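K.L.:
For reference, the structure I am asking about is given below.
The values are calculated or read from the model by the stated rules, or taken from the named source; none is laboratory data. None of the values given here were measured: they were computed from a predicted structure. Methodologically, a virtual Cβ is constructed for each residue, glycine included, from the backbone with ideal geometry; neighbour enumeration extends over all protein chains shown. Accessible surface is based on the protein model in full, side chains and every heavy atom, while ligands, DNA and RNA are left aside. Shrake-Rupley method; radii C 1.70, N 1.55, O 1.52, S 1.80 Å.
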Amino acid sequence: MMWFSRIAIRRLQRIGVEIAPCTAAGFQRAMSTLPRVYVTRQIPPDGLDILRKSGQVQFEMWDSDDPVPRKELLKKVKGCDGILCVLTEKIDAELLDAAGPNLKVLSTMSVGFDHLSLGELKKRQIRVGYTPDVLTDAVAELTVALLLTTSRRLIEATHEAKTGGWGTWRTMWLCGYELANSTVGILGLGRIGVAIAERLKPFKVKKFIYTDVVPRPELADMIQAEYVSLDELAKQSDFLAVCCALTPETQEICNKNLFGKMKKNAIFINTSRGGVVNQEDLYKALSTGQIAGAGLDVTTPEPLPTNHPLFTLKNCVILPHIASASYTTRNAMSALAANNLLAGLRGEPMPKELKL
C-alpha cells in the first residue's frame, strides 16, 4: 500500500512541482517525481510518521509484523531508490540485482549488519544507515535480567512453584550464584558492554575483565576493566557476557575450547548474535556440568526449533531475541532508520552511517 499525505503535496508545491488540484492524475504526476522507497516490514509508528510527514519520498510498505516473502521482496524492490529493512531480510547480490541501478540508500533498523552483503553494497556505492546507540540501554537491561534469571535459576523456580514442587524449605534447593565478589568478563567491549558493567557494578562485582580485537582503554577506564586474552577471559570469569559483533573472526568463537577453560560454576550469557556460539559445544558443556548455566537471547537459527536439545536443559534460559524490545527503543530505532534513509536520499550525512 502507498502512503501519501497533504503535507507531501504542500512540499511539492513549495519546490515548484505543479499539482493539478483535486485530480488523481495531477497527484500521481506530482508523486512520481519523488524517490521510491520500499519498507520491508511494519515499523514502529515514530519512524513511519517521519516518512509520511517528510514529503520527500513515495513509499510502499509490507504492512505486516511477519517477514515479507522473498519472492515478493525481490519484486517490490525493483526500481527503488531506497530500502528500509530489518535484520530478517538478507540483502545480497540477488536482491541488489533485483533492485537495479536506481538503488542509492539502504537503511536497516538494526545495530547488527551481518544480514547485509557489505562487499556488494560497497561495490555498487550504496550508502548504508544503521541504528547503534539508541538500543544500548535496552540491551544492557535485558542482559542483566537474563544473567540474574539464569544464575538464580528463576525459570526453574517458577516452574516448581506452579507444578507443586514447592514443598518444605530445603537447605540447598534451587541454589544459584551471586554477583557479589565475582569476576565478570565481557567479550567485545563496546557501548553495550560498558552499559552492562555500569548496571552490574552496584551488585558489588569484584572485578571486570574484557577481551577484544585490540585493547579499548577509553571504554575500559569508564568501568575500571582489565584487558586480558580470550583464554584468560574464559578462565577467570564467573559470569561471561558476549557483546561482540558477528564477523568472520567471531563466528563460533564461543566453542568447546572456550567452554573447556571456563569454571564449573560459570554463567555464560549471549545477547549479541547466535552465530558467535557453537551450539553443539554449548549443549555438551551445559549437559555435562562443564559450566553451570547459559542465558541466550540469540540463537542459530531464529526461531530456534522447539525440539532443539538446548530446550531440554534446565540450566539453559532461551529468550526470543527481545533485547531491544522496549517501546521507547523500538520507536527510536525506527525513527533513526527513517532519518538515515531520508538524509541518504538527499545526499546529506546520515545521523548514523555504516562506513564501507
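K.L.:
Rounded to the nearest percent, how much of the accessible area of region 191-348 (1.4 Å probe, protein heavy atoms only) is carbon and sulfur?
P.N.:
54
K.L.:
Right, next: Mind putting a number on the dipole of region 198-327 about its Cα centre? Charges go on the C-beta only, +1 for Lys and Arg and -1 for Asp and Glu, and I need it in Debye to the nearest 20. Show your work: numbers first, answer last.
P.N.:
Values: 14 positive and 14 negative charges, 119 e Å.
Using Cβ point charges on Lys, Arg, Asp and Glu, region 198-327 gives about 580 debye.
K.L.:
Taking only Cα atoms, what is the 0 to 90° angle, nearest 10, from helix 45-54's long axis to the longest principal axis of the chain?
P.N.:
With both axes taken from Cα atoms, the answer is about 20 degrees.
K.L.:
Below 12 angstrom from the Cβ of Thr288, what's the summed charge of the other residues (Lys, Arg +1; Asp, Glu -1)? Write down the numbers at each step before the final one.
P.N.:
Numbers: positive: Lys256, Lys264, Lys284; negative: Asp281.
Overall, the nearby charge balance is +2.
K.L.:
Let me ask something else about it. Which of the three applies to region 202-331, rounded, prolate or oblate, going by the alpha-carbon gyration tensor with a ≥ b ≥ c and a/c under 1.5 meaning rounded?
P.N.:
Note, shape of region 202-331 comes out oblate.
K.L.:
Now for a separate question. Listed here are the pairs Lys71/Lys355; Lys206/Lys355; Lys76/Lys104; Lys207/Lys352; Lys235/Lys314; Lys201/Lys235; which of them are more than 26 Å apart at the Cα? It would help to have the intermediate numbers written out before the result.
P.N.:
Values: Lys71/Lys355 29 Å; Lys206/Lys355 38 Å; Lys76/Lys104 16 Å; Lys207/Lys352 33 Å; Lys235/Lys314 24 Å; Lys201/Lys235 21 Å.
Flagged as over cut-off: Lys71/Lys355; Lys206/Lys355; Lys207/Lys352.
K.L.:
Mean-square fluctuation check for the chain, GNM, Cα pairs under 10 Å: which of Ile269, Ile253, Ile192 is largest?
P.N.:
The residue that fluctuates most here is Ile253.
K.L.:
With a 1.4 Å probe and all protein chains left in place, how much accessible area per residue does the chain have, in Å²?
P.N.:
In whole numbers, the chain has 50 Å² accessible per residue.
K.L.:
Among Ile196, Ser237, Thr163, which residue has its Cα furthest toward the positive end of the charge dipole of region 155-263, with +1 on Lys/Arg Cβ and -1 on Asp/Glu Cβ?
P.N.:
Thr163
K.L.:
Any idea what log10 I(q)/I(0) is at q = 0.13 Å⁻¹ for the chain, Debye with uniform C-alpha scatterers and no solvent?
P.N.:
Relative scattering, expressed as log10 I(q)/I(0), comes to -1.02.
K.L.:
Can you tell me the orientation of helix 327-345 relative to the chain, as the angle in degrees between its alpha-carbon axis and the longest Cα principal axis, to the nearest 10?
P.N.:
40
K.L.:
Roughly how far apart, in whole Å, are the Cα centres of region 284-320 and region 143-158?
P.N.:
13
K.L.:
Tell me the mean residue ellipticity at 222 nm calculated for the chain from its helices only (DSSP H runs of n ≥ 4, each -39500 (n - 2.57), averaged over every residue, nearest 500).
P.N.:
-10500 deg cm²/dmol
K.L.:
Share of region 28-116's accessible area from carbon and sulfur, percent, 1.4 Å?
P.N.:
Values: 1960 of 3770 Å².
Taking all protein chains in place, region 28-116 shows 52 percent carbon and sulfur surface.
K.L.:
Looking only at the chain, where both bridge partners belong to it, what percent of the DSSP beta bridges are antiparallel (to the nearest 5)?
P.N.:
10
K.L.:
Quick one: which residues, 5+ away or cross-chain, put their amide H under 5 Å from the amide H of Gly293? H built at 1.01 Å from N.
P.N.:
Here Phe268 satisfy the definition.
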